[in-house]
Amino acid sequence: PARIVIAVDGTSGSGKSSTSRGVADRLGMRYLDTGAMYRAMTWWMLSNDVDVHDAEAIAAAAGKPVITSGTDPLGPTISLDGADVSVEIRSDQVNAAVSPVATVPEVRARLIALQQQEIREALAAGTGIVVEGRDIGTAVWPDATLKLYVTADPAARAARRAAEEGGSDAAAVLASLQNRDKIDSTKGGAAVPEGATHLDTTPYTLEEVIHLVVELVETTV
Ligand code: C5P
């Protein structure tokens with residue numbers, strides 16, 4: 001489907017990334033992982049010795065990193081000042097620092113503008129785009145063709161994320177996810193978008209969820 005925007009919001013570990021990539025691939029659309037952009041911003045701050053708990057220092061530096069997202073759903077990449085940081089942005093250090101960085105208004109304003117530019121480019125190119133994050137249907141693209149709000153039971157989320165992170169301890173992963181959700185929902189701009197379809201992925205396999213969403217797109221568009 002050309003010229004459509006699918007906004008996928010929800011909690012970490014809900015399956016929203018795999019779902020978004022699968023749907024984009026199935027429908028021949030581009031994919032944008034906005035969480036990766038907040039992670040890249042955070043990695044830049046850590047690498048340049050900016051104190052991630054000093055909101056003023058973060059705000060002052062927010063314009064500096066050059067963040068470029070690949071939009072291929074089968075191999076999403078993210079680069080920082082020209083270097084691929086796809087691996088670095090998944091580190092524990094970034095997991096612990098990304099939510100405080102993401103609450104700084106200057107960071108959000110800059111990244112939201114970049115995300116809107118990616119969406120406009122996809123629409124101009126005649127391809128649709130699946131955009132994944134926390135505030136896509138609310139702040140980034142409220143006019144999205146389809147808005148999804150993806151959740152899963154906390155235990156299911158932690159088990160999935162622990163498996164993704166190569167067998168980390170599920171209890172520790174759960175604590176880290178819940179800590180980020182708490183910061184994100186109180187200060188980070190995450191909210192259920194108006195008109196969003198709520199999708200609880202707990203009882204489904206990834207294939208089933210992708211299939212459900214593809215059907216939803218086909219009946220909506
Ligand atoms: O989706 P992911 O878990 O990679 O996102 C990492 C963090 O980036 C989130 O916990 C949140 O703090 C921030 N984020 C955000 N707005 C978005 C996407 C991510 O604040 N649209």
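The table below gives the values:
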| item | result |
| --- | --- |
| Positions within region 20-35 being open to solvent by 10 Å² or more (accessible area, probe 1.4 Å) and near the ligand (Cβ under 10 Å from one of its atoms), in sequence order | D33, G35 |
| Region 126-137 residues that are under 18 Å from D25 (Cβ atoms), paired with ones that are among the small types (G, A, S) and assigned to a strand (DSSP E or B) (beta carbon under 6 Å, 6 or more apart) | V131/A7 |
| Hey, T145 away from the ligand (no atom under 12 Å from the Cβ), of a type outside the set (K, R) and open to solvent by 30 Å² or more (accessible area, probe 1.4 Å) or not | yes |
| Enumeration of residues in region 1-19 that are crowded, with 23+ Cβ neighbours inside 10 Å, more than 10 Å from the ligand (Cβ to nearest atom) and assigned to a loop (DSSP other than H, G, I, E, B) | G15 |
| When residues of region 54-83 are limited to those that are within 14 Å of the chain's Cα centre (by Cα) and in contact (Cβ under 8 Å) with a residue 24 or more places away in the chain, the one farthest from G28 (Cα to Cα) | I78 |
| Hits in region 54-82 (condition: outside any helix (DSSP H, G or I), farther than 14 Å from Q115 by Cα and within 14 Å of the ligand (Cβ to nearest atom)) | A62, P76 |
| Residue count for region 171-201, restricted to those that are modelled with pLDDT under 90 and open to solvent by less than 50 Å² (accessible area, probe 1.4 Å) | 13 |
| Top-ranked residue in region 94-125 [being of a type in the set (G, A, S) and open to solvent by less than 30 Å² (accessible area, probe 1.4 Å); ranked as farthest from the ligand (Cβ to nearest atom)] | A122 |
| Residue in region 142-165 that is closer than 30 Å to A57 by Cβ and in contact with a helix residue (DSSP H, G or I) (Cβ under 6 Å, 6 or more places away or on another chain) present | yes |
| Among residues of region 20-52, those that are part of a loop (DSSP other than H, G, I, E, B) and under 25 Å from E165 (Cα atoms), counted | 1 |
| Pair list, Cβ under 6 Å, 6 or more apart: region 165-187 residue polar (S, T, N, Q), other residue open to solvent by less than 60 Å² (accessible area, probe 1.4 Å) | S168/A162; S176/N95 |
| Inter-residue pairs, beta-carbon under 6 Å, first touching a residue at least 12 places away in the same chain (Cβ under 8 Å) and in region 100-112, second in a helix (DSSP H, G or I) and among the hydroxyl-bearing types (S, T, Y), 6+ apart | V101/T42; A102/Y38 |
| Among (1) at pLDDT 75 or above; (2) of a type in the set (G, A, S); (3) more than 16 Å from the chain's Cα centre (by Cα) - the single one G166 does not satisfy | (1) |
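The values are calculated or read from the model by the stated rules, or taken from the named source; none is laboratory data. Computed from a prediction, not measured in an experiment: that's the story for all the values here. Every residue, glycine among them, receives a Cβ derived from its backbone with ideal geometry; neighbour counts consider all protein chains shown. Calculation scope for accessible area: heavy atoms of the full protein, side chains included, ligands and nucleic acids excluded. Shrake-Rupley method; radii C 1.70, N 1.55, O 1.52, S 1.80 Å.
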